[in-house]
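Quick notes on the structure that follows.
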Amino acid sequence: MRQISVTEHLQLHQKNTPGATGRFTSLFNELILSAKIIHREVNKAGLVDILGETGDRNVQDEEVQKLDEYANKILIHRMQRCGVLCAMSSEEQADLIQIPRNFPRGDYFLVFDPLDGSSNIDANVSIGTIFSIYRRKHGSGDQVELHDVLQKGSEQVAAGYFLYGSSTVLIFTTGDGVHGFTLDPSVGEFLLSHPDIRTPEQGRIYSVNEAYWHYWDRKTQDSVTVFKDPNSELGRLYSLRYIGSLVSDFHRNLLYGGIFMYPADFRDPKKPHGKLRLLCEAAPLAMLVRQAGGMATDGLNPILDIEPQELHQRTPLFIGSRIDVSKVQEIFATE
C-alpha cells in the first residue's frame, strides 16, 4: 500500500482550498522540521548534557528543563525565519515574540508549548510540542500588539501536537477532521498512520490527579465520583489512568476514549483557575477533540468560546469523549 506523507497531505489540502497561496504549507513544513530536530535531541537525551533543570524559572514560575529550553530556542529560531508569521507566543516567555524587522513577515500568529510534560523528561516519559495557529485580525504595522492576536479558540486556523514517545507522531487538524502521522526514521518523513481520527463517544478512562481532592470544590468532586461509581448513570466503571503529561494523557484518551480533567483548585491563590494555559494548551487540544467528535469545557463554557484577556490566561479543563464531558457539564450546571 502506498504511504502518504504529511507533505503530500498538506499539498492536497492546499489544492482543495480556494485562494490558497502555499504560505500555510510553508509554515507547517518549518514546524515539522523543528519537531524533527527536537525528536533527534529527545532520542539522545540520556547521552548528552540536556537532561535536568537549568536553574532558571519560566514565566509560570516553574523550573525550566534543559531540553525544554532547547526546544523553545529551536522553535523560535526556525519559525521566525519562515516568512509567514507576524508574531509568536511561547509558554516559556512572558511577552509576545516579535519577528525581527530584517526577516520577511506574514499574517499568521503561532502559539506553542515547546515541550509539554517537561518535568517528566528525566523519567523518560512521553512528552510533546503543542501548537496553535491563528491569523492576525487587526492591524498591518510592523509592531504586533496583543489585541491584534488574542482570539477565541474557535478562530484557530489549525492546531495539533508532536508526541515524542516510543515513536514520534504528529496529530493535527486544519478544521477538516483530525489526522495522525508517524515519523519513519529510515526516510525522515511523517507518514499517514491515523487517518480521520474519531474519538469514542463514551470512554472507559478518567485522568486526573486525585491527590488534590481536598482542594476541589463540591462539583469537581461530584464529577470525579461519577466516573468511579459502577452504579452511575454512565453505566460503566472507569479506569484511572494518569501520566501527568497533558499531551500524553490526551493522546491516549483521544484514541481509546475517556476524559482528562485539570480542575481549578485552592492550593495556590495565584492560580484560582488551575494550571493549564488557555492559548497554548487548552484551546489547541479543544479544537482537535471537537474535530474528532469530542468536547472540551471549563465546567460551564466550551473552551473554544472563551475570549482570552491575556497571553498566559489559565483555565480549568475537562476534555475528551462527548458523553463523559457532557456529564461533567451537567453536574456543573446544577444549582
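The values are calculated or read from the model by the stated rules, or taken from the named source; none is laboratory data. From a predicted model like this one, the values you see are computed outputs, not experimental measurements. Here the Cβ positions follow ideal geometry from the backbone for every residue, glycine too, while neighbour counts run over all protein chains shown.
A few notes on this one:
- Meets criteria (modelled with pLDDT of 90 or more and either in the same structural domain as VAL111 (by TED's automatic domain parsing) or among the hydrophobic types (A, V, I, L, M, F, W, C) (or both)) for GLY139: no
- Candidate set: the range 203-244, residues that are over 26 Å from ARG267 (Cα atoms) and of a type in the set (Asp, Glu); chosen: the one surrounded by the most Cβ atoms within 10 Å (Cβ to Cβ): ASP229
- Filter pass, THR173 being under 22 Å from LEU67 (Cα atoms) and assigned by TED's automatic domain parsing to the domain that holds ARG40: no
- Residue check for VAL247: crowded, with 19+ Cβ neighbours inside 10 Å, in a helix (DSSP H, G or I) and not assigned by TED's automatic domain parsing to the domain that holds GLY117: yes
- Residue check, GLY128 crowded, with 16+ Cβ neighbours inside 10 Å, of a type in the set (Gly, Ala, Ser) and closer than 18 Å to ALA283 by Cα: yes
- Qualifying position, being among the hydrophobic types (A, V, I, L, M, F, W, C) and at pLDDT below 85, among ALA159, ALA123: ALA123
- Checking each residue in the range 217-228 for being out of contact with any Ser or Thr (no Cβ under 9 Å at 6 or more places or on another chain) and farther than 15 Å from ILE205 by Cβ picks out ASP217, ARG218, THR220, GLN221.
- Restricted to the range 1-92, the set of strands (runs of 3 or more DSSP E) holding at least 1 residues that are at pLDDT 70 or above comprises 85-90.
- Matching residues in the range 93-103 - criterion: being modelled with pLDDT of 90 or more and either more than 18 Å from VAL149 (Cβ to Cβ) or among the charged types (D, E, K, R) (or both): ASP95
- In the range 290-324, the residues that are out of contact with any helix residue (DSSP H, G or I) (no Cβ under 7 Å at 6 or more places or on another chain), assigned to a helix (DSSP H, G or I) and buried (at least 23 other Cβ atoms within 10 Å of the Cβ): ASP324
- Here ILE121 fulfils each of the conditions (1) crowded, with 24+ Cβ neighbours inside 10 Å; (2) assigned to a helix (DSSP H, G or I); (3) hydrophobic (A, V, I, L, M, F, W, C) apart from (1).
- The requirement of being more than 18 Å from GLY128 (Cα to Cα), under 18 Å from the mean Cα position of the chain (by Cα) and assigned to a loop (DSSP other than H, G, I, E, B) is not satisfied by GLU335.
- Within the set LEU183, LEU254, LEU279, the sole residue that is buried (at least 16 other Cβ atoms within 10 Å of the Cβ) and either assigned by TED's automatic domain parsing to the domain that holds ALA158 or without any contact (Cβ under 8 Å) to a residue 60 or more places away in the chain (or both) turns out to be LEU183.
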